[in-house]
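The values are calculated or read from the model by the stated rules, or taken from the named source; none is laboratory data. All values derive from a computational prediction rather than experimental measurement. Cβ placement follows ideal geometry from the backbone for every residue including glycine, while neighbour counts extend to all protein chains displayed. The accessibility values were calculated without ligands, DNA or RNA, using every heavy atom of the protein model including side chains. Shrake-Rupley method; radii C 1.70, N 1.55, O 1.52, S 1.80 Å.
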Amino acid sequence: MTSSQTTPQTTPRRLGDVSFWYADLGGLPARRAPLDGDTTADVCIIGAGYTGLWSAWYLKQADPSLDVLVVEKDFAGFGASGRNGGWLTGGFAWSHDKYVAASGPAGVRAMVAAMNGTVDEVIRVAESQDIDADILRTDELVFAVNDGQMARLAAEAEDRKHWGEADRIDVIGAEAARARVNLPNTKGAMVVKNVARIQPAKLVRGLAAAVERAGVRLAEGTTVQTIEPGRVVTDRGAVTARHILRATEGFTATLPGSKREWLPLNSAQIVTEPLPQDVWEKIGWKGHEIVGDFANAYCYCQRTREGRIAVGGRGVPYRFGSAIDRSGTPDDGTVSRLMAILRRHFPAAADARIDHAWCGVLGVPRDWCATVGYDDTTGIGWAGGYVGVGVSTSNLAGRTLADLVAGRDSDLTRLPWVNRRVRRWEPEPLRWLGVQGMYKLLEAADRQEAKGGGESKLAALGYRLTGR
């Protein structure tokens with residue numbers, strides 16, 4: 001391996017590839033044809049990411065006679081579905097307590113169980129459809145490297161056990177944690193069982209092919225201009241449909257009148273060159289676990305199929321006016337922060353070449369809680385606001401939307417996230433100031449905790465700014 005002190009200015013960005021995961025596939029896919037004039041459908045789905053494709057899949061499985069059309073502005077998997085960290089976790093990224101008011105504790109536990117089941121369900125469909133997505137069943141390890149992080153580890157583990165995950169959650173000490181992945185200064189780790197590592201672009205591309213084989217029409221390069229009951233107007237023609245499902249997640253802010261619906265927050269990743277065996281002997285990581293930490297400005301990592309380390313974390317948190325950077329190219333400061341995480345957690349790989357850096361957006365509701373819903377009076381449904389845990393959540397959303405469209409009263413349609421509405425984000429500049437303030441406080445909290453003395457109160461103040 002060549003030795004270098006790679007600087008952000010010389011880090012390859014691989015412009016045009018959207019993410020490393022597409023470079024791994026040999027480049028961007030050829031686009032399917034756009035919509036060719038006005039048409040009709042039983043169900044029109046807006047967005048060909050995980051949510052839209054899972055919805056289409058389960059609709060056709062339930063009723064093969066349905067005419068399902070998916071319209072996509074770019075290509076299937078252009079957004080977070082083709083850029084994420086490859087964590088198939090079946091877990092929550094939000095507060096359980098916020099759902100209690102909708103259905104009580106029993107409903108939240110039912111939702112936890114349903115979420116846990118998404119890991120097996122995604123793998124079942126992938127295997128049945130011969131989707132090779134580098135899926136590897138493993139554990140999730142979330143490390144703590146100081147006393148403040150250990151306090152959050154203990155609280156998180158107890159909370160998840162309380163809500164029904166006692167059989168999935170273990171807490172291990174420093175020695176056991178380092179034996180699995182050798183992170184410096186480790187004090188302990190939370191182990192989450194029954195998760196999987198995936199190559200996200202492979203999964204979304206395979207799912208797109210599967211829904212087409214099932215008879216779904218998929219129109220790419222088609223921009224939605226307006227949505228109204230029974231009608232979707234695009235730049236390529238209008239679609240008349242009884243049911244319309246919005247599956248645009250982090251890109252929802254690009255739709256007319258939706259800039260304050262869900263906040264488009266940025267996340268970014270880097271990936272190293274394939275690492276030699278002597279480096280892996282120092283790091284360990286033989287179980288290919290998905291790895292994160294309990295920093296307030298947390299990171300997420302995976303060991304890829306070919307022995308690279310992918311490191312993810314926040315990019316430029318939020319762009320004024322809910323603007324979206326569509327190119328997938330992170331700024332130098334973001335790359336520098338991610339490289340610092342790589343060197344801090346995996347010093348044996350500190351001199352590794354960075355082969356790719358990219359970014360994308362995720363959807364965040366005002367209360368940071370995902371929702372799925374359907375309005376019988378308008379025929380319009382939606383799902384999203386996954387706050388960065390969309391690989392598994394989107395599967396549950398797709399199954400739920402299929403039941404809602406069909407009018408089925410099922411266990412899924414009674415879960416507490418169904419038809420849950422929250423207020424919109426504040427107008428600018430308030431939402432920009434709030435998000436910037438939150439991240440500044442999270443960073444300050446991490447610096448304070450690194451000096452010792454336990455959990456910082458600054459993070460809680462930051463969360464209150466944005467309702468997290």
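Tabulated results
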{"read-out": "Qualifying residue in segment 417-437 (condition: within 20 Å of the chain's Cα centre (by Cα), surrounded by fewer than 24 Cβ atoms within 10 Å (Cβ to Cβ) and within 16 Å of LEU265 (Cβ to Cβ))", "value": "yes"}
{"read-out": "Sole residue being modelled with pLDDT under 95 and buried (at least 21 other Cβ atoms within 10 Å of the Cβ), chosen from GLY91, GLY85", "value": "GLY91"}
{"read-out": "Selection count, segment 392-412, where residues are open to solvent by 10 Å² or more (accessible area, probe 1.4 Å) and either outside any helix (DSSP H, G or I) or not charged (D, E, K, R) (or both)", "value": "9"}
{"read-out": "Pairs, first over 22 Å from ALA196 (Cα atoms) and in contact (Cβ under 8 Å) with a residue 24 or more places away in the chain in segment 138-162, second of a type in the set (S, T, N, Q) and open to solvent by less than 20 Å² (accessible area, probe 1.4 Å), C-beta under 9 Å, six or more apart", "value": "VAL145/THR186; GLY148/ASN296; GLY148/SER456; GLN149/ASN296; ARG152/ASN296"}
{"read-out": "Residue list for segment 435-460, restricted to those being of a type in the set (Gly, Ala, Ser) and more than 10 Å from GLY148 (Cβ to Cβ)", "value": "GLY437, ALA444, ALA460"}
{"read-out": "Residues of segment 259-291 classified as open to solvent by 20 Å² or more (accessible area, probe 1.4 Å) and farther than 16 Å from ARG83 by Cα, total", "value": "12"}
{"read-out": "Failed item, numbered, when GLU449 is tested on (1) in a loop (DSSP other than H, G, I, E, B); (2) touching a residue at least 24 places away in the same chain (Cβ under 8 Å); (3) open to solvent by less than 30 Å² (accessible area, probe 1.4 Å)", "value": "(1)"}
{"read-out": "Evaluation of ASN185 against (1) within 30 Å of GLU443 (Cα to Cα); (2) part of a loop (DSSP other than H, G, I, E, B); (3) open to solvent by less than 10 Å² (accessible area, probe 1.4 Å) (one fails), failing number", "value": "(3)"}
{"read-out": "PHE75 vs. criteria of a type outside the set (S, T, N, Q), surrounded by fewer than 24 Cβ atoms within 10 Å (Cβ to Cβ) and in contact with a Pro (Cβ under 7 Å, 6 or more places away or on another chain)", "value": "yes"}
{"read-out": "Which listed residue is free of Cβ contacts under 8 Å to residues at least 60 places away in the same chain and closer than 24 Å to GLY462 by Cα, from GLY313, GLY292", "value": "GLY313"}
{"read-out": "Residue list for segment 110-143, filter: touching an Asp or Glu at 6+ places or on another chain (Cβ under 7 Å) and in a strand (DSSP E or B)", "value": "THR138, ASP139, GLU140, LEU141, VAL142, PHE143"}
{"read-out": "Failed criterion for GLY215 (all others in (1) in a helix (DSSP H, G or I); (2) within 22 Å of THR400 (Cβ to Cβ) hold)", "value": "(1)"}
{"read-out": "Subset of segment 31-71 [open to solvent by 20 Å² or more (accessible area, probe 1.4 Å) and assigned to a strand (DSSP E or B)]", "value": "THR39, THR40, ASP42"}
{"read-out": "Residues of segment 76-92 satisfying the condition of being in contact with a Phe, Trp or Tyr (Cβ under 7 Å, 6 or more places away or on another chain) and either free of Cβ contacts under 8 Å to residues at least 60 places away in the same chain or not in a helix (DSSP H, G or I) (or both)", "value": "GLY79, ARG83, GLY85, TRP87"}
{"read-out": "Residues being buried (at least 19 other Cβ atoms within 10 Å of the Cβ) and under 20 Å from ASP97 (Cα atoms) - total across segment 452-468", "value": "3"}
{"read-out": "Residue, modelled with the lowest pLDDT, within segment 1-23, restricted to residues that are closer than 21 Å to GLN199 by Cβ, touching a helix residue (DSSP H, G or I) at 6+ places or on another chain (Cβ under 7 Å) and open to solvent by 10 Å² or more (accessible area, probe 1.4 Å)", "value": "ARG14"}
{"read-out": "Residue match in segment 153-161 (condition: under 20 Å from the mean Cα position of the chain (by Cα), part of a helix (DSSP H, G or I) and not polar (S, T, N, Q))", "value": "yes"}
{"read-out": "Hey, ASN194 touching a helix residue (DSSP H, G or I) at 6+ places or on another chain (Cβ under 6 Å), open to solvent by 50 Å² or more (accessible area, probe 1.4 Å), in contact (Cβ under 8 Å) with a residue 12 or more places away in the chain and under 22 Å from ASN116 (Cα atoms) or not", "value": "yes"}
{"read-out": "Test: residue in segment 110-133 that is in contact with a His (Cβ under 7 Å, 6 or more places away or on another chain) and touching a residue at least 24 places away in the same chain (Cβ under 8 Å)", "value": "no"}
